[in-house]
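Here, each number is a calculation from the coordinates, and none is a lab measurement. Being a predicted model, the structure only gives us computed values, none of them experimental. All Cβ positions, glycine included, derive from the backbone under ideal geometry; neighbour counts span all protein chains shown.
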Amino acid sequence: MSEVSEFSRLVEPVLQRHQWRPDRLLQILRDVQDVLDYLSDDTLVRLAEELRISYAQVRSTRDFYAFLYSENRGRYRVLFSDNITDRMLGNQALFEQMLANFGLAAGQVSADGLVSVDLTSCTGMCDQGPAILVNELAITRMTPQRVDEICVLVKNEVPLADWPAEFFVVEDNIRRADMLLGTPHEPGHAIRAAITRGRDGMLAEMRIANLRGRGGAGFTTAIKWEACRQAPGEQRYIVCNADEGEPGTFKDRVLLQSYAGRVFEGMVIAAYTVGARLGLLYLRAEYRYLRPQLEAFLAGMRAQNLLGKDIAGDKGFDFDIEIHLGAGAYICGEESALIESLEGKAGKPRVRPPFPVTCGYMNQPTVVNNVETLCKATEIAIHGGAWYEAIGTKQSTGTKIISVAGDCERPGLYEYAFGVRIAQILEDCGASEAMAVQVSGASGVCLSEREFGRRIAFEDVPTAGSFMIFDTQRDLFEVARNFAHFFRHESCGFCTPCRTGTALLSDLMDKIADGRGTQYEMNELLRVQAVMKASSHCGLGQTAGNAVADTVQKFRPAYERRLAQTDFMPAFDLDAALAKGRAITGRDDALAHLDQGA
Amino acid sequence: MSDYNTSGFDSANMFSIDGRRIPFKPGQTILQAALEAGVYIPHLCHHPDLKPHGSCKLCTVTVNGRNGSACTARALPGLEVENDTPALNDRRRVLLQMLFVEGDHFCPGCEKSGNCQLQALAYDLEMVAPHFRHFFPKRTVDASHPDIWLDLNRCIMCELCVRASRDIDGKNVFMLAGRGANSQVVVNSPTGLLKDSALTADDAAAQICPVGAILHKRVGYSVPIGQRQFDDATIGHQVEYLARRHIPIKPVAVDAPKMPEKEGV
Ligand code: SF4
Ligand code: SF4
Ligand code: FES
């Protein structure tokens, strides 16, 4: 009885806050988990009743997201960021140290239900790693000493709010600022400039500017806005894609942390141009620490009449912004998966067409733009399209922010006009020994030294912003293996080639790492990759094997020195597989063993 | 493309598959038009009674040089589609092998043998071995329901049951949950068991599974080998059946076991 009332006492306010709306399911699950620590099957049954949807629907959402838990993960949930850059900074030893300190195995919950320690995908702190999350709050620059300090705090059950503030400091590390990072922001300036230009005028400037989306795909923003504006619909929506999950990129984190005015004003300008009344910022769970300050920022904008009714005095221009929090799923960076997630569902890419611009959030015309793209729209509003178009290259106008991490002296953000050469970036960040650069994250391309003369631009090396540097001491095989595991973990599972292909690739890479791979496995890697590339439903599966294929081609010795010199080897040790049989029969004589040499 | 204009057909509603002219009705997908024209494109997650889904990727074809799922891509005038080519069939064979190692398909002992589309495709595309290392997933068998049993070891995640239950039966009994290789079908009931769900034997969702994951009880093996759907003609030669197949909605008689009438061939 008391348990029932306890449930209502804690959960009722959450449901009320979200008005029992099933399309807010993901936000509801997040908030319920915050009060109950985890989401048991019983909790799901009750939530399904309250929301009048099926239990399976609630379960489908819960089970999709890495940060939603079906069982107790402890009151302190520690996750070590496990991107290759964290590894290069020594995260594995720190992870082991913390596990040993608590006497736990990876992923295990302590007997008293206090703590669990596990790994997670890139948390976007590559320039100040190794990083961890404690109950989804980011802690950067981990050291052995910091590990010990954290263990003491956890053991003493010190509330996170009372932990030393310096643990949670996230630096901007801006190393090279250009027109976006280097220009002061005057609140409302860009919005008023857009209103002065008028809806058609603003769209015309966007067209002249030829701004391409900064999320990686490089679609022309003006075309998107125009299509959304013209599509029939009762409502229009502006979605800001702040699900920056691509390993090695962290530019959106800095923009949200220190340039939020431009991001939000960009949304307002987009709303003005296409005629939207609601904007949604989809914030990745790893950046949850930013939420309070972003909410405060929005409140400030409302107070200045830069959001709300009759914005900047323009009668009838009403628009507001809500923040939605993700829950640990890289695929939600794909725009249609992101929309599914905004609607409270598992984040799986939709069948396209229809595209979001005609049928997006709530089946209404929706613009989905990257954080950086929206910042660029404010520049175009202020300075006009022609001014903007003159910067960069013909097909890639304006500047681009690059997140530099890995083997260099000065990791951080670098803003350049498009067309900058890889070699230039390497020089600027102090990477004199570079042997390879992975551009645009795990799904991007791996460039070898011979290609350092190439340029960052859509017509040459396109990028969403990630730039990871590997020097001559590094092992490109391990880099590719790390990415293979990342994709296995992040595949949404919707389509056959990606769901199974990512698992096959990571198994093959492990087999080679174990010294059990041969030329046969090398061929298999490329064969599986080719099928994934050609037949996967979305970009994740299509690109998941790129890093493996690139490194097989360009860094073959890293693979070859691991290969066994036979035609084929099984993935498991035949003799070890018989150990159980030997134990049961009590035999351990020579005849009970297989001759491994044969 | 100019030969379409000079042909006797209405060039506005024609495209080609492997050089053969295919008429279509506006709004049809490439796969629908192909099946109606008697052209076989391998597929698993498509069903003529349900909205396109596009997850199995068996139907991947090349449309004007680019890869696409024939079941979700709209037929458009003048498209040039490649379908029955060695390269595309090679790729399909790999996809089938992926499905086989990801689940647990013991065809010789399976009740669905001979009526199973996965098995039929494997024969048709000459998949002689699973090739990859089996995943040996731990999946559950739910035998709690009086008339239906659910063996997820053989599930290929096509979501036909999910869609049939939602869009035809209006019941939402099934849902795909989890992600990546951990995806699995879950049942909508407070206990998660089929017996506590709204599923009944005459539901479309109970008839539609293309493999042996959702089966009726007490009718297994009642049709002798040799008389099953794909026994005397390969699936590739049963285009008529694939285009028209409807979901039998007659309840399965428990006392006098009888398989749904064999159609087509
Ligand atoms: S390619 Fe991967 S992520 Fe994309 S739909 Fe298919 S399974 Fe999901
Ligand atoms: S149970 Fe059958 S119909 Fe349902 S998803 Fe699995 S294979 Fe498809
Ligand atoms: S039938 Fe087209 S993807 Fe399955």
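Annotation: amide H of residue A:174 within the under-5 Å range of A:413, sequence separation 5 or more or interchain, hydrogens built in the peptide plane.
In the range B:160-206, taking the dipole from charged Cβ atoms about the Cα centre, the farthest positive-side position among B:186, B:170, B:199 is held by B:186. log10 I(q)/I(0), Debye, Cα-only the range A:36-193, no solvent, q = 0.09, 0.10, 0.13, 0.15 Å⁻¹? The calculated log intensity ratios at q = 0.09, 0.10, 0.13, 0.15 Å⁻¹ are -0.42, -0.51, -0.75, -0.87. Using Cβ point charges alone (K and R +1, D and E -1), the dipole size of chain B about the Cα centre works out to roughly 560 debye. Counting charges near residue B:99 (Lys, Arg +1; Asp, Glu -1) among other residues having Cβ under 12 Å from its Cβ returns a value of +3.
Remark: the residue A:171-residue A:183 segment gains 2.4 nm on full extension, using 0.36 nm per residue and subtracting the alpha carbon distance.
Using a Gaussian network model of chain B in which every pair of alpha carbons under 10 angstrom is joined by a spring, one finds that among B:235, B:225, B:17 the greatest mean-square fluctuation is at B:225.
Just to confirm a number: summing +1 for Lys and Arg and -1 for Asp and Glu over residues other than residue A:115 whose beta-carbon lies under 10 angstrom from that of residue A:115, what do you get?
On the way: positive: A:73, A:75, A:77, A:155; negative: A:112, A:157.
Spelling it out: positives minus negatives among the neighbours equals +2.
Relative intensity of the range A:522-581 on a log10 scale, I(q)/I(0) at q = 0.17, 0.19, 0.25 Å⁻¹, equals -0.72, -0.80, -1.00, per a Debye sum over C-alpha point scatterers of equal strength in the absence of solvent.
Once you list every other residue whose beta carbon is under 9 Å from the beta carbon of residue A:80, what net charge do they have if Lys and Arg are +1 and Asp and Glu are -1?
Numbers: positive: none; negative: A:82, A:86, A:118.
Within the 9 Å Cβ shell, the charges total -3.
Anything over 18 Å Cα to Cα? Flag those among B:57/B:112; A:511/A:533; B:112/B:217; A:224/A:376, in the order listed. Don't skip to the end; give the middle numbers.
On the way: B:57/B:112 22 Å; A:511/A:533 22 Å; B:112/B:217 12 Å; A:224/A:376 15 Å.
Table pairs above 18 Å Cα-Cα are B:57/B:112; A:511/A:533.
Please identify every one of the trypsin sites (Lys or Arg not before Pro) in the range A:1-109 that sits in a loop by DSSP and has no more than 13 other beta carbons within 10 Å of its own beta carbon. Please report the intermediate quantities before stating the final value.
Numbers: sites: A:9, A:17, A:24, A:30, A:46, A:52, A:59, A:62, A:73, A:75, A:77, A:87; in loops: A:52, A:73, A:75.
For trypsin sites (Lys or Arg not before Pro) across the range A:1-109 that sit outside H, G, I, E and B with at most 13 neighbouring Cβ atoms in 10 Å, the list reads A:52.
Considering only DSSP beta bridges where both residues belong to the protein assembly as shown, give the percentage that are antiparallel (nearest 5). Please list the in-between numbers first.
Values: 46 of 78 bridges.
Within the protein assembly as shown, antiparallel bridges account for around 60 percent of the total.
Just the Cα atoms of the range A:364-456, one point each, no solvent: what log10 I(q)/I(0) does Debye give at q = 0.10, 0.17 Å⁻¹? With no solvent term, the Cα-only Debye profile gives -0.33, -0.84.
Taking the C-alpha atoms only, the angle from helix A:371-383 to the longest principal axis of chain A is near 30 degrees.
Taken about its Cα centre, the range A:118-231 carries a charge dipole of about 860 debye when Lys and Arg each add +1 at the Cβ and Asp and Glu each add -1 at the Cβ. In order along the range A:407-420, the Karplus-derived 3J(HN,Hα) couplings, from 6.51 cos²θ - 1.76 cosθ + 1.60 at θ = phi - 60°, round to 7, 7, 6, 10, x, x, 9, 10, 9, 10, 5, 3, x, 5 Hz, and Gly and Pro are given as x.
Computed over the alpha-carbon atoms, the range A:453-579 gives an Rg to Rh ratio of 1.01, Rh here being the Kirkwood radius from the mean inverse distance. Along each principal axis, taking the top coordinate minus the bottom one, the Cα set of the range B:12-76 gives 28, 25, 18 Å in descending order.
Toward the positive end of the charge dipole of chain A, with +1 on the Cβ of Lys and Arg and -1 on the Cβ of Asp and Glu, the farthest Cα among A:210, A:485, A:502 is that of A:210.
Per DSSP helix of 4 or more residues, -39500 (n - 2.57); summed, then divided by the residues of chain A. What does that give at 222 nm, rounded to the nearest 500? Write out the running numbers ahead of the final one.
Details: 24 runs with 259 residues, N = 598.
One gets -13000 deg cm²/dmol as the mean residue ellipticity at 222 nm.
If eta is 1.567 mPa s and T is 4 °C, what Stokes-Einstein diffusion coefficient results for the range A:267-414, Kirkwood Rh from Cα pairs, in µm²/s? Provide the component values of the computation, followed by the final result.
Numbers: Rh = 17.5 Å.
Result for D is 74 µm²/s.
For B:57, A:224, what ranking results if the residue with the fewest other Cβ atoms within 10 Å of its Cβ goes first? The partial results should precede the final answer.
Working: B:57 28, A:224 23.
Lowest count first: A:224, B:57.
Of A:140, A:378, B:62, A:496, the sequence from fewest to most neighbouring Cβ atoms within 10 angstrom is B:62, A:140, A:378, A:496. Peptides A:193-206, B:156-169 ranked from most to least packed give B:156-169, A:193-206, packing being the mean of other C-beta atoms within 10 angstrom over each peptide's residues. Close amide H pairs (under 5 Å, H built 1.01 Å from N) link residue B:176 with B:186, residues at least 5 positions away or on another chain. Computed from backbone phi with θ = phi - 60° and the Karplus coefficients 6.51, -1.76 and 1.60, the 3J(HN,Hα) list for the range B:182-195 is 8, 4, 7, 6, 10, 9, 7, 7, x, 8, x, 9, 5, 5 Hz; x is used for glycine and proline. Relative to the longest principal axis of the Cα atoms of chain A, helix A:519-535 runs at roughly 30 degrees. With θ taken as phi - 60° and the Karplus curve 6.51 cos²θ - 1.76 cosθ + 1.60 applied, the whole-hertz 3J(HN,Hα) list for the range A:450-456 is 4, 9, 5, x, 6, 10, 7 Hz, x standing for glycine and proline.
In nm², what is the average projected area of the convex hull enclosing the Cα atoms of the range A:389-504?
Numbers: hull surface 32.7 nm².
If you wrap the Cα atoms of the range A:389-504 in a convex hull and average its projections, you get 8.2 nm².
Residue by residue along A:344-350, Cβ atoms of other protein chains within 10 Å of the local Cβ number 2 on average.
Going by how many other Cβ atoms sit within 10 Å of their own, how do A:466, B:222 line up, fewest first?
Working: A:466 29, B:222 12.
Going from least to most buried by this count: B:222, A:466.
The Rg/Rh ratio of the range A:36-99, with both radii computed over alpha carbons and Rh defined as the Kirkwood radius, is 1.18.
Restricting to Cα atoms and excluding each atom paired with itself, what does the Kirkwood estimate give for the protein assembly as shown in Å? Computed over Cα pairs of the protein assembly as shown, the Kirkwood hydrodynamic radius comes out at 29.2 Å.
Over all distinct Cα pairs, what is the inverse of the mean 1/r for chain B, reported as the Kirkwood hydrodynamic radius in Å?
Working: mean 1/r = 0.0513 Å⁻¹.
Result for chain B, one decimal place: 19.5 Å.
The label-point distance for residue A:296 and residue B:195, in a model that sets each label 7 Å from Cα toward Cβ, rounds to 5.7 nm. Placing +1 on each Lys and Arg Cβ and -1 on each Asp and Glu Cβ, with no other charges, gives the protein assembly as shown a dipole about its Cα centre of roughly 1500 debye.
Dipole orientation for chain A: of the candidates A:408, A:140, A:181, A:181 has the Cα lying most toward the positive pole (charges on Cβ; Lys, Arg +1; Asp, Glu -1).
The angle between the Cα long axis of helix B:86-102 and the longest principal axis of the Cα atoms of chain B comes to about 10 degrees, rounded to the nearest 10.
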